[in-house]
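Trainee: Take this structure first; my questions come after.
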Amino acid sequence: MPESDKNKLDPLTFFDAWIRSMSDLWSDMGQFPYKPQGAQDTPDKSGSPSPRFGRYFESSMNAWQAFASALNKPETITSAYKGIETLPELLIKIIRPVIENISGMNQQWLSQMEKTGKISGEYRFDQLDKDVLTIFSRLYDAEFRKFLNIPQLGLTREYQERINRFFDQYNLLQSAMAEFLYILIQPFEKTHAIFQEKLADLSKKNELSDDPKFYYQAWLKILEREYMLLFKTPEYLSALAKVLNAAAQYKSARREMVNDLLRQFSIPSSTDIEGVYQDLHYLKKRLRIIEKKINN
Amino acid sequence: MSKSGVPVDLILSKLAEDTGKTQGRAQKAYETLLGQLETGIAQTPFEFVFQDDRVKLKYYQPENRSDDSVKTPLLVIYALINRETMLDLQPGRSVVRSFLDSGIDLYMIDWGYPTEKDKYLTLDDHINGYIDNMVDFIRAKHKIPSINIMGICMGGTMSIIYAALHPNKVKNLITTVTPSNFDTDQGLLYTWMKGIDPGNVIKAYGNMPGDLMNFGFLLLNPARLMIDKYVGFMENADNKDFVENFIRMEKWIFDSPDVPGETFKQFITDFYQKNLLIQNQLHIGGKFVDLKKITMPLLNIYGKYDHLVPPESCELLTGRVGSKDTEDVCLETGHIGIYVSSKTQKEFVPKIVSWLKQRDGVKRTKKRNGQGES
């Protein structure tokens, strides 16, 4: 047998030894008479071999021994070990698409950065790489969001769902915000490129100025125009609507989660107070109508 | 000269020449900013004469009345966005002061700061509730059947609705930078508002946060409003008058009350998205807002360079109302400039005062569509 095989731990032997030692240990423990610390050393009048705790212990030991003997069968151990062996494989299967997506995102990002450097696209926003704007949200949707949408079970199901919804909406808000800010920065990048071209043009015409304000005003004018054009593009309008919607959904999810907490402390939640406000509003409105009728 | 062609050497030498001057200015700016600054706004004396919930009615009493002064009091209805203090920003550029100097009894609605409990207030509550109560108060106090109303921006839109629903209580109507036609692509606000879901926003925020709206207004022109404006401030930080006026304006701009949720939702849906008012299809509080019932004289003033309420949004109104006595005035200024620029101060209030004088004391005897009053 090679040296490496000698050092290798045989899982079957290890598992068998562990089961045996555990059974011995708990069997020996069971032999001790139950006697709480400080108790008198008097015989049990009922004649029972052990007090109440001992009986429970004995019953538990019997269950353990039955379980251990089943586990100790070679076919069970082999099956369990196979399961353990497949665990890393399973993890790799889960992680692989996530890593592939991140790598894909990185590549697209680099490609976009390259494009931005190459194309100035004067006063145009139709060449905006839409994939870059949505890539994080697509990745989150495809790979992460599903974990927060795993159906919850049991008594605390609704609370857990609200907590998960809060985290989900928070992530969606971050994603929408990132897209929105990315779009907002675009005019600066474009202005930089156009400004360079303008300088080259002025230089050719020999119209350059030695006044720094001249350059600032020229840069500002380009930036202003770029923003005006950006704000009318469908990309901007879509990102604006998305970020507003995401912020609204996030606030709503946060409120629901906080409301759960407040209820535990008998503190009126915003939903409770809103009900009072609504009643108050209708009462005042009815009062106003009656008041006007009386005055007229 | 550098490779790019920009005379960097010349620019640097110019900057070096200016270093001495800059140091002196920086020292003066330091002294100005740390010194005593007079930056108070809304300094003209007034008294609160009526209050309905958080909404108060300000009364400005004119010091000098003459025989030819306008006798009918004027109620100014400001927008629910920002505050009415804009009309009294600084001495020498105060619309309030100019009206008082001409002898007009001036009333102005202070909408206060809506809180969460106000989120269910609708346009009906504002128009047929608060505004109507205040108009009734002024009518009773002066023992007159109708008063003059001047609306500003969204307050102008509410004034139009009020005049259509209560024509017998309005003697003359003046709308200033008032949006009435929302089907335009001239202003970014109109484009943006068509794409948002106000119900969703209100569900989350309750009221529409003033800060969020202000951020939206800054985004209308970030190059000027977020960069150039403050570059200008730094360049003039050694000028005490400039600094004081700049801070007054900053105080006003960022003093933004929240807008009651239901009102915001209704305004975006019925006005920006459906454009019901100018199409004569609007209902408020279950009542039809018929523009043809606006039979009193109407003066419609707007700014040629207004990027918030462009001329296209204002100029249709006079052709859609029932009144034959209408006038459009387009001033060479923007949305705020109409009230605060020193140039328009010489045109804006004098125009309104002379227009009112011509119609003050004139009784409307001819009834149109059965809605006129004598």
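Values in this text are rule-based calculations from the coordinates and carry no lab data. Predicted model, so just to flag it, every value in this text is computed and none were measured. Cβ placement follows ideal geometry from the backbone for every residue including glycine, while neighbour counts extend to all protein chains displayed.
Trainee: With a 10 Å radius around each residue's Cβ, average the other Cβ atoms per peptide and rank B:155-167, A:269-281, B:281-293, highest first.
Mentor: B:155-167, B:281-293, A:269-281
Trainee: A further question on this structure: As I understand it, the value is the acute angle between the Cα axis of helix B:348-359 and the longest principal axis of the Cα atoms of chain B; what does it come to in degrees, rounded to 10?
Mentor: Its long axis makes an angle of about 10 degrees.
Trainee: Among the listed pairs A:Lys292/B:Lys169; B:Lys71/B:Lys324; B:Lys169/B:Lys304, give every one whose C-alpha distance is greater than 27 Å.
Mentor: B:Lys169/B:Lys304
Trainee: Further question on the same structure: Counting only GluC sites (Glu not before Pro) that sit in a DSSP loop (anything but H, G, I, E, B) with at most 13 other Cβ atoms within 10 Å, what is the longest stretch of chain B containing none of them?
Mentor: B:64-331
Trainee: Hey, another quick one. I'd like the mean, over residues of A:201-211, of how many other protein chain beta carbons sit within 10 Å of each residue's own Cβ.
Mentor: 3
Trainee: Enter the Cα centre distance for the pair the range B:228-274 and the range B:53-91, rounded to the nearest angstrom.
Mentor: 20 Å
Trainee: Next question. Considering the Cα trace of the range B:217-374, what is its radius of gyration and what is Dmax, both in angstroms?
Mentor: Expressed in Å, the Cα Rg and Dmax of the range B:217-374 come to 20.0, 62.
Trainee: Still on this model: Applying 1/(1 + (r/R0)^6) with R0 = 22 Å to the Cβ-Cβ distance of B:Ser69 and B:Glu332, what FRET efficiency is obtained, to the nearest 0.05?
Mentor: Between B:Ser69 and B:Glu332 the formula returns 0.15.
Trainee: Could you tell me how many degrees, from 0 to 90 and to the nearest 10, lie between the Cα long axis of helix B:210-219 and the main elongation axis, the longest principal axis, of the Cα atoms of chain B?
Mentor: The helix B:210-219 is inclined about 60 degrees to chain B.
Trainee: Pull up all non-local amide H partners of B:Met208: gap of 5 or more, or a different chain, and H-to-H distance under 5 Å with H placed in the peptide plane.
Mentor: Amide H neighbours of B:Met208: B:Val259, B:Gly261.
Trainee: Further, regarding this structure: Using the per-residue mean of other Cβ atoms lying within 10 Å as a proxy for protection, in what order, highest first, do the peptides B:180-190, A:283-293 fall?
Mentor: B:180-190, A:283-293
Trainee: Between B:Thr326 and residues 5 or more places away or on another chain, which pairs have amide H atoms under 5 Å apart, with H built 1.01 Å from N, and which residues are they?
Mentor: B:Leu298
Trainee: Taking each residue of A:167-176 in turn, how many C-beta atoms of other protein chains fall within 10 Å of its C-beta, and what is the average?
Mentor: The mean count of partner-chain Cβ atoms within 10 Å per residue comes to 0.
Trainee: Cα-based Rg (one decimal) and Dmax (whole number) for chain B, in Å?
Mentor: Reported Rg and Dmax, both Å: 22.8, 79.
Trainee: For the range B:83-155, count the residues as N, evaluate 2.2 N^0.38 Å, and divide the Cα radius of gyration by that value, please.
Mentor: The range B:83-155 yields a ratio of 1.28.
Trainee: Here is a further query. With springs only between Cα atoms under 10 Å, which of B:Asp306, B:Asp255, B:Asp67 fluctuates most in a Gaussian network model of chain B?
Mentor: Taking springs between Cα atoms under 10 Å, the residue moving most is B:Asp67.
Trainee: A further question follows. Work out, in µm²/s and without decimals, the Stokes-Einstein translational diffusion coefficient of the range A:221-283 at 10 °C, 1.306 mPa s, Rh from Kirkwood over C-alpha pairs.
Mentor: Rounded, D is 105 µm²/s.
Trainee: Also: Only bridges with both residues in chain B count here: give the DSSP antiparallel percent, nearest 5.
Mentor: 40 percent
Trainee: Write down the percent of antiparallel bridges among all DSSP beta bridges whose residues are both part of the range B:267-361, to the nearest 5.
Mentor: Around 25 percent of the beta bridges assigned by DSSP in the range B:267-361 are antiparallel ones.
Trainee: When the helices in chain B are scored as -39500 (n - 2.57) per DSSP H run of 4 or longer and the sum is shared across all residues, what 222 nm value do you end up with, to the nearest 500 deg cm²/dmol?
Mentor: -10500 deg cm²/dmol
Trainee: Does anyone have the angle between helix B:154-165 and the longest principal axis of chain B? Alpha-carbon axes, 0 to 90°, nearest 10?
Mentor: It is inclined by approximately 10 degrees.
Trainee: Compute a Gaussian network model of chain B, connecting alpha carbons closer than 10 Å, and tell me which residue from B:Val243, B:Val340, B:Val96 fluctuates the most.
Mentor: For chain B, modelled as a Gaussian network with Cα springs under 10 Å, the answer is B:Val243.
Trainee: Can you grab the distance from the C-alpha centre of the range A:153-193 to the C-alpha centre of the range B:299-350, Å, no decimals?
Mentor: Here the answer is 42 Å between Cα centres.
Trainee: Inside 10 Å of the C-beta atoms of A:276-285, what's the mean count of C-beta atoms belonging to other chains?
Mentor: Per residue, the number of nearby Cβ atoms from other chains is 4 on average.
Trainee: If you don't mind, another one. Of B:Lys240, B:Lys169, B:Lys143, which has the largest mean-square fluctuation in a 10 Å C-alpha GNM of chain B?
Mentor: B:Lys143
Trainee: From Cα pairs below 8 angstrom and at least 6 apart in sequence, can you work out the relative contact order of the range B:47-359, rounded to a whole percent?
Mentor: Relative CO of the range B:47-359 lands at 23 percent.
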